[in-house]
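Only one structure is covered here, and it is reproduced in the block below.
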Amino acid sequence: MAARKEEERPNMIETFKEFKDTKSIDRTTLVSVLEESFRNVIAKIYGSDENFDVIVNPDKGDFEIYRNRVVVADGEVQDENKEISLTDAQKIESDYEVGEDVSEPVNFAKFGRRAILNLRQTLASKVLELEHDSLYNKYKDRVGQIISGEVYQTWKREVLLVDDENNELILPKGEQIPRDQYRKGETVRAVILRVDNENNNPKIILSRTAPSFLERLLEAEVPEINDGLIAIKGIARMPGERAKIAVESFDDRIDPVGACVGVRGGRVHGIVRELCNENIDVINWTANTKLYIQRALSPAKVSSLTIDEENKKAEVFLQPEEVSLAIGRGGMNIKLASMLTGYTIDVFRELDGQNADEEDIYLDEFSDEIDSWVIDAIKGIGFDTARKVLNAPREMLIEKADLEEETVDNVLSILRAEFEN
């Protein structure tokens, strides 16, 4: 039995040492947790921990436990945990008398393997809970800030990074720039998107696609933004492809667009590289909605436009050669302009003066040549007459009405034939 006790003691010391070096928990809290954990085990063994003194020393990695009992006359012991008979007390020290307090050290290891295992589990649970609290408190107020993390593991749905204290950070697939590639051990920058804390299990979610990531990168590169002389009024991104940024200057001497782009694009170049060659357009913000929409559609030159403020819609008219510029490759330019301004933008070719007064025909008149569901799809995006359809860009009809190219080309052919005849 003695040999078994000798085995238990080193295990007990190792258990304590495991937790005394926990870096994310301050010394006072750790002492409190250790004491509480010992008391939980003592209470299970003795029924109460009220009459015990627990002294822990995380610096030395040791602990002491004392049990305090009152000396009572032989045969009058009612609670063996809190009382000791005179005869038993005098075995400890011969001069004890009834009514005195006896304090004796407790060898925790003698409680056996089960008690030590119980202590380990209690400690582990408490320390984990405190570490989770510490991690949540560290990151909850840092949402929107940029952080650098080292790639630890890559999976199909997410990348796991670690910070300088080895805390886990998650970069989900949907928050990665499509052309991003991650290799274990490399450093990646991202913005802290949110901190989830379900069941006190904090998860730090990062993003490289959020507008706030581009905003923070700009603040770092452009001193005037950091100094409050230039404000970022809006950002629209198609991550890894293209972005539009609206900026405003509070100092008439500062050109906000020039300040953000830098000499020969010097300031924006590093950001473009960080974002996998995402092209960045910077425009001057204005409170004039019409002018703002015109600027957002650059490089296209708008001839005229009408806006519906209530429904947040804009109808933009351009010369035929400007239409493709306004829409952009894959509809990218018009999508970004809509995201930036908050308006749904419809683009039209500007009518020649001679055609402006020509007669128009409602689409419903073509129901014998065009399927009704196709007519409904086109009317659903606001085009109810033949000329409106003919003046709309082909690409917009395909995308917004969600029609096949062949179907759109067939409709355009039928409508053109009507006016040619």
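Every read-out reported here was derived from the displayed coordinates using simple, explicitly stated rules and does not represent laboratory data. Predicted model only: the values in this text are computed from it and were never measured. Reconstructed Cβ throughout: ideal geometry from the backbone, glycine too, with neighbour counts over all protein chains shown.
Structural remarks
- Relative to the dominant Cα principal axis of the chain, helix 211-221 is inclined by about 90°.
- Measuring r between the beta carbons of residue 53 and residue 140 and using R0 = 35 Å, the FRET efficiency lands at 0.40.
- Positive-end residue of 289, 391, 323, charge dipole of the range 283-401 with Cβ unit charges: 289
- Structure-based [θ]222 nm, the chain - -39500 (n - 2.57) summed over DSSP H runs of at least 4, per residue, nearest 500: -12000 deg cm²/dmol
- The chain: relative contact order in percent, alpha carbon pairs under 8 Å with at least 6 residues between: 7
- Cα long-axis angle, helix 405-420 against the chain (0 to 90 degrees, to the nearest 10): 20
- Think of each Lys and Arg Cβ as +1 and each Asp and Glu Cβ as -1; about the Cα centre, that makes the dipole of the range 24-114 roughly 700 debye.
- Among the listed pairs 110/203; 44/91; 140/184; 203/400; 173/379; 335/388, those with a Cα-Cα distance over 32 Å are 110/203; 203/400; 173/379.
- Taking chymotrypsin sites (Phe, Trp or Tyr not before Pro) as exposed when DSSP calls them loop and at most 13 other C-beta atoms lie within 10 angstrom, the chain has its longest site-free stretch at 251-421.
- Shown is the FRET efficiency for residue 252 and residue 329, computed with R0 = 30 Å from the Cβ-Cβ distance and rounded to the nearest 0.05: 0.25.
- Stretch in the chain that is longest and holds no GluC sites (Glu not before Pro) that DSSP places in a loop and that have at most 14 other beta carbons within 10 Å: 187-308
- Crossing angle, helix 2-20 versus the chain [Cα axis fit, 0-90 degrees, rounded to tens]: 40
- For residue 150, neighbours were defined as the other residues whose beta-carbon sits under 10 Å from its Cβ, and their charges (Lys and Arg +1, Asp and Glu -1) total -2.
- Relative to the Cα centre, the charge distribution of the range 103-262, modelled as +1 at Lys and Arg Cβ and -1 at Asp and Glu Cβ, gives a dipole magnitude of about 1040 debye.
- For the range 118-250, a Kirkwood hydrodynamic radius built from all Cα pairs, placed in the Stokes-Einstein relation at 4 °C and 1.567 mPa s, yields a translational diffusion coefficient of 78 µm²/s.
- Within the range 132-209: Cβ-based charge dipole about Cα centre, in debye rounded to nearest 20 (Lys, Arg +1; Asp, Glu -1): 380
- Loop sites by DSSP among the trypsin sites (Lys or Arg not before Pro) of the chain, restricted to those with at most 16 other Cβ atoms within 10 angstrom, leave 313-421 as the longest stretch without any of them.
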